Every structure is written in structure tokens, then in C-alpha cells.
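Presented below is the structure to which this report refers.
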Amino acid sequence: MAPVSMPPTTEARDVFRELGYTVDGDGSEFVAERKWRRVLVTPVCADDATDPEPYLADGGETPRLRCFVTWRRAATDLRDHLLKLKPPFDWAVIGVDDAGEFDVMQGRPGSP
């Protein structure tokens, strides 16, 4: 089993490639693009799933689409916390496991 204290960066890249996105960037956070969609992807370790504020304040231009990827067992907590925070962009949460399986959870109503 993958350690929950590490963000699922490799798994996040694999998910977006499987979904047909091109992945750009070498760091933990990266951009995934497909057709007109440009998504800022932020892997979050399970330990930080209920405190994503540091990931929300990136200091730059607020992206239109964001996706937070965390370990499957922490995904619901992360989604619930983001719903309470009401970030000013469309977002989704993806829960992954170390076997490559994943679930996509829509963010606020109207999020892609």
C-alpha cells in the first residue's frame, strides 16, 4: 500500500493520461490539457485532505479548472472540506489507489 503521507503524484499523472490529457510540468503540481480544457492538477496527501488551504493560495492567477487528487480513502473528506470552503473556481476531486483504480467526485454544482 502506498504511504498516505505522500501525495499521489505519479498516480495523478497516470489518471489524466488514461483520460486522454497531455500532462505538462515536472513538479508535484501540473497542468493537464485536452481539447479546450486546461486543468491545474494538485496531488494532496491523505494527511492534508482536510486542510487544503495551502494548495488553494498559489499566489498566481486563479485557474478556471482545478482537480485535487488524493488517496481514495481521503477523497470524500477532501471533497466535503472543499464544499465548505467554496473556492472561486470549478473543481473536482479524484480518489486513487496504488492499483491504479480511481473515482472522480464532482465539486460544487456546475463544476466540470
Q: Hey, can you tell me all the residues within the range 15-29 that are among the aliphatic types (A, V, I, L, M) and exposed (fewer than 14 other Cβ atoms within 10 Å of the Cβ)?
A: LEU19
Q. Can you name the residue in the range 58-83 that is under 15 Å from PHE30 (Cα atoms) and among the hydroxyl-bearing types (Ser, Thr, Tyr) and is also modelled with the lowest pLDDT among such residues?
A. THR62
Q: Go through (1) of a type in the set (Lys, Arg); (2) farther than 26 Å from GLY20 by Cβ; (3) modelled with pLDDT of 90 or more one by one and return the number of the condition LYS86 breaks.
A: (3)
**Q.** Test: residue in the range 67-82 that is touching a Leu at 6+ places or on another chain (Cβ under 6 Å) and of a type in the set (D, E, K, R)
**A.** no
(Q) On the basis of being over 20 Å from ASP77 (Cβ atoms), surrounded by 13 or more Cβ atoms within 10 Å (Cβ to Cβ) and in contact (Cβ under 8 Å) with a residue 12 or more places away in the chain, does ALA12 make the cut? (A) no
**Q.** Pair list, Cβ under 9 Å, 6 or more apart: the range 26-42 residue closer than 14 Å to PHE89 by Cβ, other residue among the polar types (S, T, N, Q) and not in a strand (DSSP E or B)
**A.** THR42/SER28
(Q) Can you find a residue that is assigned to a loop (DSSP other than H, G, I, E, B) and modelled with pLDDT of 90 or more anywhere in the range 8-18? (A) yes
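The values are calculated or read from the model by the stated rules, or taken from the named source; none is laboratory data. Owing to the predicted nature of the structure, the values given are computational and were not obtained by experimental measurement. A quick note on method: Cβ atoms are made from the backbone with ideal geometry, for glycine too, and the neighbour counts reach across all protein chains shown.
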